[in-house]
Amino acid sequence: MTDALRLGVIGVGDVAQRDYLPEIGRLEPEAVVVAVAGAGERRVREVAERLGVDAHVGYASLLGAHDVDAVLNLTPAQLHEEVNAAAIGAGKHIYSEKPLTMTADAARALGERAAERGLVLAAAPSVMVFPQIGMVFEQLRTGRLGPPVAAAGAAFGGVPPWEGFASDPRPYFAKGVGPLVDIGVYPLHALTGILGPARRVAAFGRRTRGSFEVADGPARGTHVPVVEDDLSLLTLELASGVLASVLSSFATAAGSAPELEVLCEKGAIACSLLDPGSPVSVGDGADRKELTVAAERADGPDHILGVRNFVRSVQGLEPLFITAAHAAHVLDVIEAARTSAADRRFVDVPDHGWSPPGRWIAADG
C-alpha cells in the first residue's frame with residue numbers, strides 16, 4: 001500500500017476554511033495534512049489546534065519541514081507565484097489555487113522548473129475533474145448531439161460588500177485579479193478543456209464602482225478600492241471553430257442561465273460549474289433529460305477532487321489533469337482579453353502548443 005502523502009497547507013483564510021479544510025479528510029488514507037502555515041499567528045494556531053497538526057507562522061518554515069512532502073498553496077492571488085516558486089525550490093510537489101502566477105509566461109516558466117526537478121505542479125481550478133464536466137464530455141463524445149458549434153459560460157461572485165466573508169476581500173479587487181481571474185477561469189478552463197484552445201478573443205470590461213466598505217467580519221470597516229473591471233464579457237474563437245462567450249461578474253446578481261452550455265447541430269448540453277448537486281441537462285430539440293451528477297460534495301465547488309488528482313499524480317496512480325500548461329493557456333486568453341478591451345479590437349491568443357488531453361477533446365469528435 002502506498003504511504004500517505006504528507007501535506008502542508010499554506011494559507012488559512014476564507015478559501016481554505018470554506019472549501020478545503022472542511023473536506024480535507026476525504027483524502028485519507030492517500031494523503032493527510034500534517035502542517036499549516038499563514039501570516040497571522042493567532043489564526044494559524046487556531047486552525048492547527050483544530051486539525052491537530054503543526055503550526056508555522058510564515059510559509060518558509062513549513063517549506064523547510066522534512067515531514068512535508070507536498071504543499072497546497074491557498075494564499076491570496078498576489079502571493080501565488082512567490083510561494084509556488086519557493087516550494088519548487090524547496091523540492092516540494094505543489095497544488096496551487098488560481099491563478100498559478102500573474103502572467104502566462106511566468107506560469108510556463110514555473111511549469112518548466114517543476115518538470116526539471118521531477119515535481120508535480122497542479123493548477124486550480126479543478127473543473128476538469130468535476131463529475132459534471134466529465135458527463136458533458138461523455139455526452140459530446142457519443143456524437144448524438146452532433147458537432148459543437150457554439151458555447152457559453154458564466155461566473156458570478158456576488159455584489160460586494162460580501163456579507164459573512166471571513167477574510168480581507170481587497171486581493172480580489174486589486175490590480176491583476178478581479179472576477180475574470182478569480183472566477184472567469186472556471187468557464188475558461190471548462191470551455192478550452194472540453195472544446196480545445198482559444199485562438200482569438202474580443203472583450204469588453206466595465207468597472208461599475210470605484211470602491212466599497214466591508215460591512216462585517218474580520219475586515220469590517222476596511223475601504224476596498226475596485227482597481228480591476230468588476231464585469232467582463234469575452235467572445236472567443238476556438239481552434240476547433242466553435243464560438244464561445246464568457247461572462248464574469250462581481251457587479252450583478254447571478255443569472256438564471258446555466259453556467260456552462262454547449263450548443264451542437266442536433267442538440268445542447270448544460271451544467272452548473274460550481275454546484276455539483278445540479279443535474280446535467282441534455283436536449284435534442286424534441287426531448288430534454290436531467291442527468292443526476294454523482295457528486296461527493298453537497299454544494300459549492302469540489303476542490304478536493306483536484307487535490308485528489310494531484311495526490312494520485314504524485315503517487316504515480318493517475319495522470320495530472322489540472323496542469324500548469326492549461327493554466328498558462330487560460331492566462332494567455334485573459335491577457336489577450338485585457339488587450340482587446342483596452343484597444344477595442346480582436347486579439348490573437350498566442351499558440352504555445354497546448355491542447356487538452358485526448359480524454360477531453362470533444363470538438364473534433
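FYI, it's all coordinate maths here, none of it is from the lab. Just so you know, these numbers come straight off a predicted model, no measurement behind them. Quick reminder, even Gly has a Cβ in these numbers, built from the backbone with ideal geometry, and neighbours come from all protein chains shown.
Structure values in brief
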{"quantity": "Mean residue ellipticity (222 nm) of the chain, computed from DSSP H runs ≥ 4 via -39,500 (n - 2.57), nearest 500", "calculated": "-8000 deg cm²/dmol"}
{"quantity": "Built amide H within the under 5 Å cut-off of A122, gap 5+", "calculated": "I94, Y95, S96"}
{"quantity": "Those aspartates and glutamates that a straight Cα-Cα span of less than 14 Å connects to K175, excepting residues fewer than 8 apart in one chain", "calculated": "E228, D229, D230, E335"}
{"quantity": "Listed residues L191, F165, L236: farthest to the positive end of the dipole of region 163-238 (Cβ charges)", "calculated": "L236"}
{"quantity": "Cα-centre dipole for the chain with unit charges at Cβ (Lys and Arg positive, Asp and Glu negative), debye to 20", "calculated": "400 debye"}
{"quantity": "Sites T208 and F346 - FRET efficiency at Förster radius 35 Å, r taken between beta-carbons, to 0.05", "calculated": "0.90"}
{"quantity": "Net charge dipole size for region 279-365 [Lys, Arg +1 and Asp, Glu -1 on Cβ; Debye, nearest 20]", "calculated": "160 debye"}
{"quantity": "Extension gain (nm, one decimal) between E112 and S281, 0.36 nm per residue minus Cα-Cα", "calculated": "56.9 nm"}
{"quantity": "Antiparallel bridge percentage (DSSP; both residues within the chain; nearest 5)", "calculated": "55 percent"}
{"quantity": "Computed over the chain: relative contact order in percent, which uses C-alpha pairs under 8 Å that are six or more apart", "calculated": "20 percent"}
{"quantity": "Electrostatic dipole magnitude of region 80-156 [Cβ: Lys, Arg +1; Asp, Glu -1; Cα centre; debye, to 20]", "calculated": "260 debye"}
{"quantity": "Whole-number percent relative contact order across region 12-70, with pairs defined as alpha carbons under 8 Å at least 6 apart", "calculated": "31 percent"}
{"quantity": "Calculated from backbone phi, Karplus (6.51, -1.76, 1.60) coupling profile of region 9-21 in Hz, x at Gly/Pro", "calculated": "9, 9, x, 10, x, 4, 4, 4, 7, 8, 10, 9, 4"}
{"quantity": "For region 103-158, with +1 on Lys and Arg beta carbons and -1 on Asp and Glu, the positive-most of F137, V127, L110 along the dipole", "calculated": "F137"}
{"quantity": "Spin-label model distance (nm) - D168 vs R18, 7 Å beyond Cα toward Cβ", "calculated": "1.8 nm"}
{"quantity": "Karplus-derived HN-Hα couplings along region 205-221 (A = 6.51, B = -1.76, C = 1.60, θ = phi - 60°), whole Hz, x at Gly and Pro", "calculated": "x, 8, 9, 7, 8, x, 5, 7, 10, 5, 8, 8, x, x, 9, 3, x"}
{"quantity": "Peptide ranges 171-179, 205-213, 193-201, 323-331 listed from the most packed, as the mean C-beta count within 10 angstrom indicates", "calculated": "323-331, 193-201, 171-179, 205-213"}
